[in-house]
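Structure record follows, encoded as structure tokens.
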Amino acid sequence: MKIRSLLFSCVLVAAAASCKDDRTASLDEAAEDVASTRETLSEAQEDLAQTTDRGLEERADIAHASAEMASAEIDFDQRRDLAVHELRFRHAVYETQASVARGILGDPALSEDDRQTATDRLLTFERELGEAEQAIDALATSTAAQWDAANVTVSNAYQQLEGAHEDVFEVLSADRKVLR
């Protein structure tokens, strides 16, 4: 029956998702699994609505698809929460780096031009920190259907954040005269 073959393909997709080591890839597959299972459930419900006798077998298929859907959503939520936790940890490290940069700005050996340049770059870095935090918050509440877009947003935010981090510390780590 068409429903059984779709359910079997969903099981294969779920098994393939558990074999990947890369968390992002496994989350992508978990999101695809949720979408596939949702589609299977929808088709099963449509099939049931079209039958006049509403057979026990078709009801069982719908119940099975519903259980698979719930399992896939739980798996996705757990993987997403782990990824968000890791991103929040990285964000906290960058926040610490912003504090370090603020401390270095007080170095008397820093020229006034370098201090102004570093201050401007630090403000950019802190703005990127805020944007990365917003992207993480959006990812934390994303559904499987929203995963791809939210993940791209977080990746872009972290690229910007890393660039801003490098820019500020490039100025702050420049050779300076030691004042005595």
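Summary table below
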{"item": "Test: residue in the range 157-167 that is part of a helix (DSSP H, G or I), hydroxyl-bearing (Ser, Thr, Tyr) and either under 21 Å from the mean Cα position of the chain (by Cα) or crowded, with 16+ Cβ neighbours inside 10 Å (or both)", "result": "yes"}
{"item": "Conditions (1) loosely packed, with under 13 Cβ neighbours inside 10 Å; (2) in contact (Cβ under 8 Å) with a residue 12 or more places away in the chain; (3) within 30 Å of Asp148 (Cα to Cα); number of the one not met by Glu131", "result": "(1)"}
{"item": "Checklist (1) hydrophobic (A, V, I, L, M, F, W, C); (2) surrounded by 12 or more Cβ atoms within 10 Å (Cβ to Cβ); (3) free of Cβ contacts under 8 Å to residues at least 12 places away in the same chain applied to Phe76, failing item", "result": "(3)"}
{"item": "Sole exception among (1) at pLDDT below 75; (2) assigned to a helix (DSSP H, G or I) for Asp53, by number", "result": "(2)"}
{"item": "The range 102-113 residues that are farther than 16 Å from Asp167 by Cβ, paired with ones that are surrounded by fewer than 13 Cβ atoms within 10 Å (Cβ to Cβ) and modelled with pLDDT of 85 or more (beta carbon under 6 Å, 6 or more apart)", "result": "none"}
{"item": "Boolean, Thr96 is surrounded by 13 or more Cβ atoms within 10 Å (Cβ to Cβ), of a type in the set (Val, Ile, Thr) and either out of contact with any His (no Cβ under 9 Å at 6 or more places or on another chain) or touching a residue at least 60 places away in the same chain (Cβ under 8 Å) (or both)", "result": "no"}
{"item": "Residue within the range 93-115 that is under 25 Å from the mean Cα position of the chain (by Cα), in a helix (DSSP H, G or I) and closer than 19 Å to Glu29 by Cβ present", "result": "no"}
{"item": "The range 118-146, residues that are in contact with an Asp or Glu (Cβ under 9 Å, 6 or more places away or on another chain), part of a helix (DSSP H, G or I) and among the polar types (S, T, N, Q)", "result": "Thr124"}
{"item": "Identity of the residue in the range 120-151, at pLDDT below 95 and of a type in the set (Val, Ile, Thr), that ends up farthest from Leu172 (Cα to Cα)", "result": "Thr143"}
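Residues checked against (1) modelled with pLDDT under 85; (2) of a type in the set (A, V, I, L, M, F, W, C):
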residue	(1), (2)
Glu43	yes, no
Ala65	yes, yes
Ser71	yes, no
Ser111	no, no
Thr117	no, no
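The values are calculated or read from the model by the stated rules, or taken from the named source; none is laboratory data. Keep in mind it's a predicted model, so treat the numbers as computed, not measured. Here Cβ is always computed from backbone atoms with ideal geometry, including for glycine, and neighbour counts include all displayed protein chains.
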